[in-house]
Each structure stands twice: as structure tokens, then as C-alpha cells.
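The values are calculated or read from the model by the stated rules, or taken from the named source; none is laboratory data. Bear in mind that the values here come from a model prediction, so they are computed numbers and not experimental data. Glycine also receives a Cβ, built like all others from the backbone with ideal geometry; neighbour counts cover every protein chain displayed. Side chains are part of the model used for accessible areas, which takes the heavy atoms of the whole protein and leaves out ligands, DNA and RNA. Shrake-Rupley method; radii C 1.70, N 1.55, O 1.52, S 1.80 Å.
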Amino acid sequence: MDSHVDFVGVLFIVWGVLTTLVGASTLALGVGAVALIRSATRGGSGGQFAAGLTAAAFTTLAIIAIVWGVAHIAVGVPLRRRRHWSRLAALMLGSVDLLLLPYGTALGCYALWVLLNEQGKRLFADQP
């Protein structure tokens, strides 16, 4: 079970890095939408509301993705070091990951299986 916990930690780190990269690219799309707003304002054409809504949506989704990715990295590293709090945080993140089809569901199922297993619980019992 020790190797499974290590692997869950690595998967959390990889998932966090990939999610952060998706967030950064979505933020770039939000910046592009802001550029459209500025160019539409100079040209006097319509569509400013749609561009503003798009910019706000992309920026909001980007911030959520970046925070979600950083949270996975911040939990994955201590999880590999068997910190007690990281097990609980990984269980919470893994539970929400179940909703993110298909890869998040796989990660969430695997994390819950490893961290709720009696052998997995024992690995974190003696850690502060």
C-alpha cells in the first residue's frame, strides 16, 4: 500500500500541473477577449457585451483552474511525505475530482480507494 500512496501523490502533482497549465491557457483566452473589447471600442462596432462576458467567463474559469491545480500540488507533495493532514485534504479533493470526467473520476476513485483502505490509514496514523 506504501507504493500506492506514493503513486497517488505523484498523480495529484501531475493533475495539479496539468490543471494549472489549462488555467494559464484559459487566462490567455480571457486576455484575448479583453483585447477584442478594446479593439471594438475603438472601431465603434457592437459586441462589447458579449466580449466582456466572454472575458469574465474565461478569467473566472482560469482562476478556478489555477487554484484547483495549485491545491492538488500543495496536497500531493505532503501526501508523499505521509503528513496526516494531507490524507484528509486528498480525500476532500479526490471526492470533488469524482465529478471531473473522465480523468478526475479515475483519480478520485483511486485516491479514495487507497486512502480509505485500512492499510492506507495506518500509514498516516503516526504522523503529526
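Just from its helices, what would the mean residue ellipticity at 222 nm be for the chain, if runs of 4 or more DSSP H residues each count -39500 (n - 2.57) and the sum is divided by every residue, rounded to the nearest 500 deg cm²/dmol? Each step should come with its number before you reach the end.
Values: 5 runs with 109 residues, N = 128.
Computed ellipticity for the chain at 222 nm equals -29500 deg cm²/dmol.
Report which label in [x] 31, 16, 11; [y] 41, 12, 10; [z] 32, 22, 10 holds the value of semi-axes √(5λ) of the Cα gyration tensor in Å derived from the coordinates of this structure.
[y]
Which whole-number percent gives the relative contact order of the stretch 1-82, counting Cα pairs below 8 Å spaced six or more residues apart?
Values: 96 pairs, mean separation 43.9, N = 82.
Once divided by the residue count of the stretch 1-82, the mean separation gives 54 percent.
Just by accessible area at a 1.4 angstrom probe, what is the order of Asp6, Asp97 from largest to smallest?
Asp6, Asp97
Let me check I've understood the local charge: for Ala89, count other residues with C-beta under 14 angstrom from its C-beta, Lys and Arg +1, Asp and Glu -1. What total comes out? It would help to have the intermediate numbers written out before the result.
Working: positive: Arg80, Arg81, Arg82, Arg83, Arg87; negative: Asp97.
Residues close to Ala89 contribute a combined charge of +4.
Given charges of +1 on the Cβ of Lys and Arg and -1 on the Cβ of Asp and Glu, with all other atoms neutral, how large is the dipole of the chain about its Cα centre, in debye to the nearest 20?
Numbers: 9 positive and 5 negative charges, 56 e Å.
Computed about the Cα centre, the dipole is about 280 debye.
How much of the accessible area of the chain, probe 1.4 Å, is carbon plus sulfur, in whole percent?
Carbon plus sulfur share of accessible area: 72 percent.
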